[in-house]
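Here is the structure we will look at, set down as structure tokens.
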Amino acid sequence: MSRRQGWMWMVTGVALAFLTAILVYRMVASSSGQVKVQVTQTKPAIVATQDIRRGTVIDESMVSVRDVPSDLVPQGAASTLDDVIGKMVVVDIKAGEIILRDRLETPTNVTGNFGLVIPPGMVIIALPADDLINQVGVLQPGDKVDILFSLTYGQGGPTDLVSLDALQNVAVQAIVVPPEARVAKEVASQVGLGDTQGVSPLSTGPSKAILVAVNPQDALLLKYLKDAGAILDYALRPPDDTSKPLLDPVTLQYLIDTYGLDIPLPTEAITLPVGGGTAGP
């Protein structure tokens, strides 16, 4: 090979090496430019710092503002303390749960340790709570109940007693606990007894009251029954039961007909005072 050919091969090799260096540099620069740092976007959200029972009015000790990844914040989430402070929760909320605005209501009245939400067109009425289901502390705010009553009329004998289903599917808005019972529950909580929901308010004071929201006509009906000395009871419903079955009033004649009892009745007709007909002997 001549000297001239050797120089040509050398120049060609240098040129190829130079071009290769340029290509490698561009590839590295291009790949490094495509590397992106993934930054997690966050949004402020109001999170419960403790379990909050339905019917509770929220204060600052129950919630906090936290930065939560945006894709984990549900639509309608509360984002500021003003969204939740002073509002009443309509469902149970667990500690660590993001609070949604549609699970809150503005109380129309806050007394003691409960708040009230009065639906449009309704009124709040207080009913006695000295029946057995309340003495054992079964009912809670938000429960749905049927309101039952028994009433005597006429001479007040066994044939003058009628039991009726006054109202069906009524929501318990609040349960009024006597001050003595509230103190007992606070003391039990402070000494570490945990959930004090089972502390009976009836063991430390007079009977509590049940507050329900009804339309004005039904409120007048319940007032009449109270004033007439009717005995009230509450039948607890499943949360999703909205049925309103048509029930027959129960009288002594009803028991005789249903169970085939051989009990003589007075010859005069028995006229029912509410929604009934006439029962004969």
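For segment 43-160, list the strands (runs of 3 or more DSSP E) that sit wholly inside it and hold at least 3 residues that are buried (at least 17 other Cβ atoms within 10 Å of the Cβ) and touching an Asp or Glu at 6+ places or on another chain (Cβ under 8 Å); which are they?
Details: elements: 63-69, 109-111, 114-116, 123-128, 144-152.
Because the criterion is at least 3 residues that are buried (at least 17 other Cβ atoms within 10 Å of the Cβ) and touching an Asp or Glu at 6+ places or on another chain (Cβ under 8 Å), the strands (runs of 3 or more DSSP E) in segment 43-160 that meet it are 144-152.
When you go through (1) modelled with pLDDT of 80 or more; (2) in contact with a Ser or Thr (Cβ under 6 Å, 6 or more places away or on another chain); (3) aliphatic (A, V, I, L, M) one by one for residue 188, which number turns out not to apply?
For residue 188, the failing item is (1).
The values are calculated or read from the model by the stated rules, or taken from the named source; none is laboratory data. Everything numeric in this text was worked out from a predicted model, so none of it was measured. Please note: Cβ atoms are built from the backbone with ideal geometry, for glycine as well, and neighbour counts cover all protein chains shown.
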